[in-house]
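Nothing in this text is a laboratory measurement; each read-out follows from the coordinates by a stated rule. Just so it is clear, the structure is predicted and the values come from calculations on it, not from any experiment. Cβ atoms come from the backbone with ideal geometry, glycine included; neighbour counts cover every protein chain shown.
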Amino acid sequence: IEMLDPRGRTPLELAVSLGNLESARVLLRHNASVGQENANGWTVLQEAVSTGDPEMVQLILQYRDYQRATRRLAGIPELLNKLRRAPDFYVEMKWEFTSWVPLVSKICPSDVYRVWKRGENLRVDTTLLGFEHMTWQ
């Protein structure tokens, strides 16, 4: 499903560039890759946008997001195994923004991250969530 034609395009790239929505759907249902770049550096999503077909763009976006989430979730068991094998620890990380302008440092954000690891359990404590337009969120 990822074989290249003489011009270096995958079947999905060809279906998208020709605007063939049904072919693109079939290829995506069979796990055609959305994230790769072609020889010109274009992704399937960029190709879909260039067709001007909003339905094609939406289809490609849905499958791109699905494939990204699937790849991330596939790494969780390995991450848990590594976490289980790592020694238990506690660490504090402090960061802060400062300024040489008087009184500005008082409103600059700062925080301390506290991380505990025991077995395969991990806890991260932080208090700063966001700083936008001079209001805390």
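On a full-extension model of 0.36 nm per residue, what is the gain between Trp95 and Asp111, subtracting their alpha-carbon distance, rounded to one decimal in nm?
That works out to 5.2 nm of additional length.
To the nearest 20 debye, what charge dipole does the chain have about its Cα centre, counting +1 at the Cβ of each Lys and Arg and -1 at the Cβ of each Asp and Glu?
I would put it at about 620 debye.
Convert each backbone phi in segment 32-46 into a coupling constant with the Karplus relation 6.51 cos²θ - 1.76 cosθ + 1.60 (shift: θ = phi - 60°), then list the ³J(HN,Hα) values in order as whole Hz, x for Gly and Pro.
5, 6, 9, x, 7, 9, 7, 4, 8, x, 8, 8, 4, 5, 4
Whole-Å semi-axes of segment 11-83's equivalent ellipsoid, largest first, each the root of 5 times a Cα gyration tensor eigenvalue?
Computed over segment 11-83, the values are 27, 12, 10 Å.
Kirkwood Rh over Cα pairs of the chain into Stokes-Einstein at 10 °C, 1.306 mPa s: D in µm²/s?
After rounding, the answer is 82 µm²/s.
Give me the lysines in straight-line cross-link reach of Lys106: C-alpha distance below 22 Å, same-chain residues under 8 apart excluded.
Hits, sequence-local ones excluded: Lys94.
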